[in-house]
Amino acid sequence: MHHDVELDARGLNCPLPILRAKKALNGMQSGQVLKVVATDPGAVKDFQTFAKQTGNELLQHAEADREFTLYMKRK
Amino acid sequence: MNAAWVTGGAFALAFVFGAVGNRTNFCTMGAVSDWVNMGDLNRMRMWLLAIAVALLGSSALQLAGVVDLGKSIYPGPNFTWLSYLVGGFLFGVGMTLGSGCGSKTLIRIGAGNLKSLIVYVFLGIGAYMTLKGLFGAFRVGVLEKAAVTLPAGQDLPALLGLHRAVPAALIGGALLAFVYRSREFRAGFDYTLGGVVTGLVVAGGWVVSGVLGHVAEHPETLQEAFIATNTGRMESFSFVSPMAYTLEYLMLWTDKSKIVTYGIASGLGVIAGSAAYALATRSFRWEGFRDAEDTANHMVGGMLMGFGGITALGCTIGQAVTGISTLALGSFMTFAAIVAGSALTMKYQYWRAGA
């Protein structure tokens, strides 16, 4: 999937993946896509809640090789 | 009564807490994070539900004459207000740096997080140094000097001259009303599961120590005793000093005066319960440090939790759920200080993100 900014959150645990994603999104334009790669087992739940609360859309998430890849569109 | 009933009971309850905590993502630091970073209150409601259930359950046990909460460490007359504030605040900083509080550290270890194993070691060492070592001198010589003696005890019924049922029902009822006012919370089964089970485990914990472990007159001392405890008092769940005593037990294994206590068994129970759930659901995964900064954060976080947890007499479970279930004023202060320390650390982390 196309993305404009990538955030490597591998090896980080809550709350850092969300904090760094939040900061990255703040520096992006509306409609741009952020790709996040994370390993925290709670990452998907956290990003689903983050999307619901902030209005930034979680376009897609997948798991492969013990890593979660998530795509989030800036509102 | 056999000490094995006490440690076995503590292990069994902790096992349930560990498994349910893993399934429901119960996390007190996560509760603060969701609130501060996203404006989502569901995990905070889960924590508050645990407090309400523990408070109402423990109060019912007290009023029915099953246990005497006054025999625990929380509602005593020595109101060390500065220790609650400083200890709680530093615990909140530490749990944010260390990927979670004491109980979450145990849950993460069970799920394969090696970073949390390092947090455990540093937390245990920090706690032991605060109990009996270098930090202990500072705790006793400086922080605990700022204290007020409340002769009747520091629990709200004694302070306000009220029957226990009144503040318990008012606070417990208000928390339940706040928690279940949310339609989303009502619709999420795991939210209720995590909160109710945690609260029931704490209330049940009093029964294990206060009934199974209670000896009216110990044959060796001829005094009342709560067997297989590190404090010598009636206990329920708390996770900081038990980590110190677990390390001590392992290091002094051949010292036959050292025994497996309620606290040691409860810590192991949480790890085992979380591991059982992770393996059964195939969610077990090894996790390691990302880099030097990540490593340092977890080491410092563990030490701060060890120091803060001992200084404030407990953690996000030990003070904020178990302590509040006794209605001790210091427990409410510690809860507020932990949340403040954690929230401010998250603000700092956000400012630093990407720097």
Q: Out of B:F89, B:F138, report the one residue that is within 28 Å of B:A52 (Cα to Cα), open to solvent by 50 Å² or more (accessible area, probe 1.4 Å) and not in a loop (DSSP other than H, G, I, E, B).
A: B:F89
Q: Among the candidates B:P151, B:P167, single out the residue that is over 23 Å from the mean Cα position of the chain (by Cα), surrounded by fewer than 19 Cβ atoms within 10 Å (Cβ to Cβ) and touching a residue at least 12 places away in the same chain (Cβ under 8 Å).
A: B:P151
(Q) Please go through (1) open to solvent by less than 50 Å² (accessible area, probe 1.4 Å); (2) on the phi < 0 side of the Ramachandran plot; (3) touching a Ser or Thr at 6+ places or on another chain (Cβ under 7 Å) for B:G269 and return the number of the only condition it doesn't satisfy. (A) (3)
Q: Among the numbered conditions (1) buried (at least 20 other Cβ atoms within 10 Å of the Cβ); (2) within 13 Å of another protein chain (Cβ to nearest Cβ); (3) in a strand (DSSP E or B), tell me where A:E6 comes up short.
A: (1)
Q. So which of B:Y249, B:Y277, B:Y348 is closer than 28 Å to B:V20 by Cα, without any contact (Cβ under 8 Å) to a residue 60 or more places away in the chain and either within 14 Å of chain A (Cβ to nearest Cβ) or open to solvent by 40 Å² or more (accessible area, probe 1.4 Å) (or both)?
A. B:Y249
**Q.** Among the residues listed as B:G76, B:G57, B:G70, the single one being outside any helix (DSSP H, G or I), touching a residue at least 12 places away in the same chain (Cβ under 8 Å), open to solvent by 10 Å² or more (accessible area, probe 1.4 Å) and not β-branched (V, I, T)
**A.** B:G76
Q) Considering A:A51, A:A38, A:A62, which residue is over 19 Å from B:K115 (Cβ atoms), small (G, A, S), crowded, with 17+ Cβ neighbours inside 10 Å and modelled with pLDDT of 95 or more? A) A:A51
Q) Do we find that B:G308 is away from chain A (no Cβ under 14 Å), crowded, with 24+ Cβ neighbours inside 10 Å and touching a Leu at 6+ places or on another chain (Cβ under 8 Å) in this structure? A) yes
Q. Do you know which residues across the stretch B:180-213 are open to solvent by 60 Å² or more (accessible area, probe 1.4 Å) and either modelled with pLDDT under 95 or in contact with a helix residue (DSSP H, G or I) (Cβ under 8 Å, 6 or more places away or on another chain) (or both)?
A. B:Y180, B:E184, B:R186, B:L200
Q: Within the stretch B:108-128, count every residue that is open to solvent by less than 10 Å² (accessible area, probe 1.4 Å), part of a helix (DSSP H, G or I) and in contact with a Phe, Trp or Tyr (Cβ under 8 Å, 6 or more places away or on another chain).
A: 4
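Kindly indicate whether A:K45 is within 11 Å of another protein chain (Cβ to nearest Cβ) and at pLDDT below 95. Give the derivation first.
On the way: within 11 Å of another protein chain (Cβ to nearest Cβ): yes; at pLDDT below 95: yes.
Answer is yes for this residue.
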Q: Looking for whichever is within 14 Å of chain A (Cβ to nearest Cβ), touching a residue at least 60 places away in the same chain (Cβ under 8 Å), open to solvent by 20 Å² or more (accessible area, probe 1.4 Å) and of a type outside the set (S, T, Y) here; the options are B:F335, B:F284. Which one fits?
A: B:F284
Q: Among residues belonging to the stretch A:51-75 that are more than 20 Å from B:A111 (Cα to Cα) and outside any strand (DSSP E or B), point out the one that is farthest from the other protein chains (Cβ to nearest Cβ).
A: A:R74
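Across the stretch B:302-332, what is the total count of residues that are part of a helix (DSSP H, G or I), among the aliphatic types (A, V, I, L, M) and closer than 18 Å to B:L69 by Cβ?
So the count comes out to 4.
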**Q.** Condition broken by B:L106, with the remaining ones in (1) touching a residue at least 24 places away in the same chain (Cβ under 8 Å); (2) within 14 Å of chain A (Cβ to nearest Cβ) satisfied
**A.** (2)
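The values are calculated or read from the model by the stated rules, or taken from the named source; none is laboratory data. Please read these numbers as outputs of a predicted model, since none were measured by experiment. Counting neighbours? That spans all protein chains shown, and the Cβs are built from the backbone with ideal geometry, glycine included. Remember, those area values only see protein heavy atoms, side chains included, never the ligands or the DNA or RNA. Shrake-Rupley method; radii C 1.70, N 1.55, O 1.52, S 1.80 Å.
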